[in-house]
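The next block holds one structure in the form of C-alpha cells; read it before the comments.
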C-alpha cells in the first residue's frame, strides 16, 4: 500500500472510477483527511456523476470522507438531491401520480363535457383534453360551472 505522503488528490483515480476497490476508497479518505487538502470543492454535477457511479455502500464511504475532509456541503447536498430526484423509484412514483391525475381528470372532464353540451362527442373531446392536460382542463370546467348545461 502507498504511503500517505505519496497520495495526493491529483494522484487518485477520477471520482467516477471510484468504488472499484476498497483500497481506492481508503486512499481517497486518507488523502482527503490530510490537512493540506482542507479547502477543496467539486461542482455538484461532478459529485452527482461520481456518486451515481458508486454502489450504495461505496457512496456512503465517499460521502463521509468528503464531508470529514471539509468538502463543500452545499454542492454535496445538491448532488444528493439530484440523485434522489433522478432515481428510478422517484421517476416511477411521479409517473404513477401523473397517470392517476390524468385518469381522474379524464373522467371528470367527460362528465362535464357531456352534461354541459348534452353531446357524446363533446364528452369525448373534453375527456381527451382532460387526459392530455390534467390540470388546466378541470380548472376550465370548474370556471364554466362544473357539469352545468351551457345557457
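Throughout, read-outs are computed from the coordinates displayed, never taken from laboratory work. Model, not experiment: these values are computed from the prediction. Cβ sites come from the backbone with ideal geometry, for glycine too, and all protein chains shown count toward neighbours.
In table form, for the structure just shown:
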quantity	calculated
Label-point separation in nm, residue 43 to residue 56, each point 7 Å along Cα→Cβ	3.0
Viscosity 1.567 mPa s, 4 °C: Kirkwood-radius Stokes-Einstein D of region 58-151 over Cα pairs, µm²/s	80
